Amino acid sequence: MDKQFARGTILIASLMVAFSVAAQELSTKWDQKSYIKFLHTQFFIPDLDQSLSDQLFHHRYSVKYYPNKNWTLRMDIRSRLFYGELVKSTPNFVQSIADVNNDYFDLSWVVASSKSVVLHTMIDRLSAAYSKGSWDIRIGRQRINWGIHTFWNANDIFNTFSFTDFDYEERPGSDAVLVRYYFNGNTSVEVAGKATNHINKGTYASLWRFNHWNYDFQVLAGYFQNNAVAGIGWAGNVGNAGWKGEWSYFHALDEGGRNVFTGATGMDYSFAKGTYVQAGFMINSQGETKAPVTELFNFSLSAKNLYPYRSALYVQASHPVSPLVTGGLSVIYSPVKSQPFFVNPTVSVSVAQNWDLDLVGQILWNKTDHFYSPLQAFFLRIKYSY
């Protein structure tokens, strides 16, 4: 282990200890929580008759400070130590994990790196929030959560996430300003803007939430990266089943741009013994019809491009095998020419208090002359929360 890597590790550990001590000493105004995870990944590539392994240590520290009853200051630090064959075999691996996708300020640091080891840390939440009466105002790096659907969020125009990235539960944030005003009942209006170097590349929008016919509705309108955008979302029940969805239309404002309609809807149901099922579909008017299933990990994700294919059907189910063990299975199929399948089995185990174990598979199929699997990935994750 080289000196640069050792110094970086000591720096991150020292910061965690310092913040933890400060929060304990000022417990009446501070709130903190942390976790550390170990993730082992095994990739199988049948075409190349190749197997790659990868390991990741992932630490997250979250702290909130309450100067008074109206203000909340928050900071979350995310640190990841990558090592293994995938790091070694991926060109520009450091650039692929850099903090460049969603944020205006670069609060990301490669603390140490070598051919097979990378230590990366970033501040992915850094905000000040003011709340008084009917007003909420928040500025800084935050998550503006306008999504409703489980897999695809066409209304989540500020910080879209990929459901295949299961190890990022908190989901990405944005450097933005959010102002929310609550009316009587369940009605509210939000206005938000995202920091950007060029105004035409920014995102600025408003969202109106209200309840009618025992459904929660939302309507959005605004500007999204050279597109005018309008959308609607809803969540409610049909009998004992839940029904939710969201749709957005993007009208290109630049010459040669493409208008896009995208969104998803689905229904879910919980049985008496804890079994949970849901099913639905997605439409992306600019999606591909012939792309291989590996495009799922390579396409340019945004609210305007939720999935690489023109359409998709999904089914998901989970069942508590015991009070401590839950099994699940998700299947996504696109009825397009390449017929891609994405199969995602999971097993979650509560090992002990604050300890969790997860087994996850991501298996891909598509059709050429016959169905075949170009990639199979299996994950073992251990998480300790404190």
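Tell me what the chain gives for mean residue ellipticity at 222 nm when only DSSP H runs of n ≥ 4 count, each as -39,500 (n - 2.57), the sum divided by the residue total, rounded to 500 deg cm²/dmol.
It comes out at -2500 deg cm²/dmol, rounded to the nearest 500.
Based only on other Cβ atoms within 10 Å, what is the fewest-to-most ordering of His198, His40?
Final ranking by Cβ density, sparse to dense: His198, His40.
Which loop-located chymotrypsin sites (Phe, Trp or Tyr not before Pro) does segment 66-115 contain, where loop means any DSSP state but H, G, I, E or B and the Cβ has at most 14 other Cβ atoms within 10 Å?
Tyr104, Phe105
Name the most mobile residue of Asn284, Asn153, Asn226, meaning the one with the largest mean-square fluctuation, in a Gaussian network model of the chain with Cα contacts below 10 Å.
Asn226
Given charges of +1 on the Cβ of Lys and Arg and -1 on the Cβ of Asp and Glu, with all other atoms neutral, how large is the dipole of segment 28-176 about its Cα centre, in debye to the nearest 20?
Numbers: 17 positive and 17 negative charges, 178 e Å.
Value, rounded to 20: 860 debye.
Cut-off under 15 Å on the C-alpha distance; same-chain residues fewer than 8 positions from Lys64 excluded. Which aspartates and glutamates are left, in chain and number order?
The reachable aspartates and glutamates, counting only those whose Cα sits under 15 Å from Lys64, are Glu25, Asp31, Asp76, Asp124.
Mind checking which of Asn159, Asn344, Asn92 has the largest fluctuation in a GNM of the chain, springs on alpha carbons under 10 Å?
Of Asn159, Asn344, Asn92, the Gaussian network model singles out Asn92 as fluctuating most.
Find the centroid of the Cα atoms in segment 105-126 and in segment 310-331, then give the distance between the two in whole Å.
The distance from the Cα centre of segment 105-126 to that of segment 310-331 comes to 33 Å.
Residues with beta-carbon under 13 Å from that of Tyr130, excluding Tyr130: net charge, scoring Lys, Arg +1 and Asp, Glu -1?
Neighbour charge sum, excluding Tyr130 itself: +4.
Just in segment 216-279: which chymotrypsin sites (Phe, Trp or Tyr not before Pro) are loop by DSSP and have at most 16 other Cβ atoms within 10 Å?
Loop-located and lightly packed - Phe271.
Every read-out reported here was derived from the displayed coordinates using simple, explicitly stated rules and does not represent laboratory data. For clarity, every value in this text was computed on a predicted model and none was experimentally measured. All Cβ positions, glycine included, derive from the backbone under ideal geometry; neighbour counts span all protein chains shown.
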